[in-house]
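Below: one structure, written as structure tokens.
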Amino acid sequence: MFSRWSHSHHSQENDSLQHESKVKELRAAVRPLSDRLLKYCTDACLMRYLEARNWNVDKSKKMLEETLKWRSTYKPEEIRWHEIAIEGETGKVYRANFHDRDGRTVLILRPGKQNTTSLDNQLRHLVYMIENAILNLPEDQEQMVWLIDFTGWSLSTSVPIKSACDTINVLQNHYPERLAMAVLYNPPRIFEAFWKIVKYFLDAKTFQKVKFVYPKNKESVELMRSYFDEENLPTDFGGKAILEYNHEEFSKQMVQDDIKSATLWGFDNKLQSTGTDQSGPEITPEPICLAPAAS
């Protein structure tokens with residue numbers, strides 16, 4: 001018994017040491033970076049990229065470089081609530097005021113409440129909400145849960161396939177290992193046609209995290225119970241809480257979070273004063289010099 005424990009203990013230690021050396025290897029491969037991107041590339045972050053590419057350093061490096069390129073042009077950490085607040089008016093995507101049983105941040109998505117037509121702005125809004133979910137994760141958690149409510153959804157209100165794929169690409173490629181689970185709650189029959197196409201764009205890891213949940217299905221109900229406390233979970237998802245989205249209150253919360261985010265990324269008052277002053281020296285994109293691939 002003891003020898004078995006000792007053997008598994010040693011193998012865990014070996015794994016941990018191997019992981020540490022891979023993180024060091026990956027860090028060495030992507031230097032030097034701007035201050036902002038260095039702040040992004042924590043050890044935990046590098047571990048997520050390695051995990052997403054099955055600990056293959058070359059593949060992880062390629063994935064990470066793509067993200068760093070994307071972050072330096074898209075600048076997700078600079079998006080401010082006032083720029084995308086119109087997207088939030090109907091509560092189609094917002095951070096819930098409850099967590100799952102593991103304390104993970106929950107994002108509620110209600111595609112039936114679509115209220116705008118600019119696909120670019122819709123994606124910016126979603127990216128903002130993903131960054132916000134990460135900002136509000138407890139210390140011991142790295143992942144979030146998505147609850148997707150299909151009430152009011154129809155093919156006519158659904159986003160174009162291309163837009164759905166863009167969303168999937170951003171989530172898979174630039175936020176690896178950030179999604180613990182996406183619950184598709186009670187999707188209508190017609191959704192199956194949409195899903196048949198979209199699922200081909202999901203990688204195997206993401207695909208496994210998508211759960212179809214139906215309120216009359218016993219397994220579905222048990223799955224929801226295993227992840228959520230019924231008292232916190234809204235009735236819209238089979239729980240007992242009343243779900244009310246108050247745009248004004250949520251906006252106040254987001255403005256506070258914008259301040260928290262600006263402090264975290266090191267441009268304290270530069271972006272909140274007017275929300276449009278983006279000419280400060282802190283915010284000028286710095287050139288990224290990625291180490292050339294070893295030949």
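The values are calculated or read from the model by the stated rules, or taken from the named source; none is laboratory data. Model, not experiment: these values are computed from the prediction. Positions of Cβ are generated from backbone atoms using ideal geometry, with glycine treated the same way; all protein chains shown enter the neighbour counts. These accessible areas exclude ligands, DNA and RNA; they are computed on the full protein's heavy atoms, side chains included. Shrake-Rupley method; radii C 1.70, N 1.55, O 1.52, S 1.80 Å.
If you go through segment 120-133 one residue at a time, do you hit one that is in a loop (DSSP other than H, G, I, E, B), open to solvent by less than 50 Å² (accessible area, probe 1.4 Å) and assigned by the TED database to the domain that holds Ile84?
Checked against the condition, which is being in a loop (DSSP other than H, G, I, E, B), open to solvent by less than 50 Å² (accessible area, probe 1.4 Å) and assigned by the TED database to the domain that holds Ile84, segment 120-133 yields no hits at all.
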(message) Among (1) among the charged types (D, E, K, R); (2) part of a loop (DSSP other than H, G, I, E, B); (3) in contact with a Pro (Cβ under 8 Å, 6 or more places away or on another chain), there is one condition Asp140 misses while meeting the rest; what is its number?
(response) (3)
(message) Just to be sure I understand, how many residues within segment 147-170 are farther than 24 Å from Thr42 by Cα and either open to solvent by 60 Å² or more (accessible area, probe 1.4 Å) or among the hydrophobic types (A, V, I, L, M, F, W, C) (or both)?
(response) 13
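Go over the candidates Glu51, Glu83, Glu66, Glu77 one by one and state the one that is open to solvent by less than 50 Å² (accessible area, probe 1.4 Å), in contact (Cβ under 8 Å) with a residue 40 or more places away in the chain, assigned to a helix (DSSP H, G or I) and of a type in the set (Asp, Glu). So that I can check it myself, show each step before the final result.
Values: Glu51 fails: open to solvent by less than 50 Å² (accessible area, probe 1.4 Å); Glu83 fails: open to solvent by less than 50 Å² (accessible area, probe 1.4 Å); Glu66 fails: open to solvent by less than 50 Å² (accessible area, probe 1.4 Å).
After ruling out the rest, the residue left standing is Glu77.
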(request) Would you be able to tell me the number of residues in segment 99-111 that are surrounded by 16 or more Cβ atoms within 10 Å (Cβ to Cβ) and either of a type outside the set (S, T, N, Q) or in contact with a Ser or Thr (Cβ under 9 Å, 6 or more places away or on another chain) (or both)? (result) 9
(request) For residues that are of a type in the set (Lys, Arg), in a helix (DSSP H, G or I) and in contact (Cβ under 8 Å) with a residue 12 or more places away in the chain, scanning just segment 169-225, find the one that is nearest to Arg48 (Cα to Cα). (result) Lys205
(message) Would you confirm whether or not segment 105-125 contains a residue that is within 17 Å of Ala180 (Cβ to Cβ) and either in contact with a helix residue (DSSP H, G or I) (Cβ under 7 Å, 6 or more places away or on another chain) or at pLDDT below 95 (or both)?
(response) yes
(message) For the condition of a type in the set (S, T, N, Q) and either open to solvent by 60 Å² or more (accessible area, probe 1.4 Å) or outside the structural domain of Leu135 (by the TED database) (or both), what is the one hit in Thr206, Thr263?
(response) Thr263
(message) So in segment 38-48, with the set limited to residues that are open to solvent by 20 Å² or more (accessible area, probe 1.4 Å) and closer than 24 Å to Ala262 by Cα, which one is farthest from the chain's Cα centre (by Cα)?
(response) Leu38
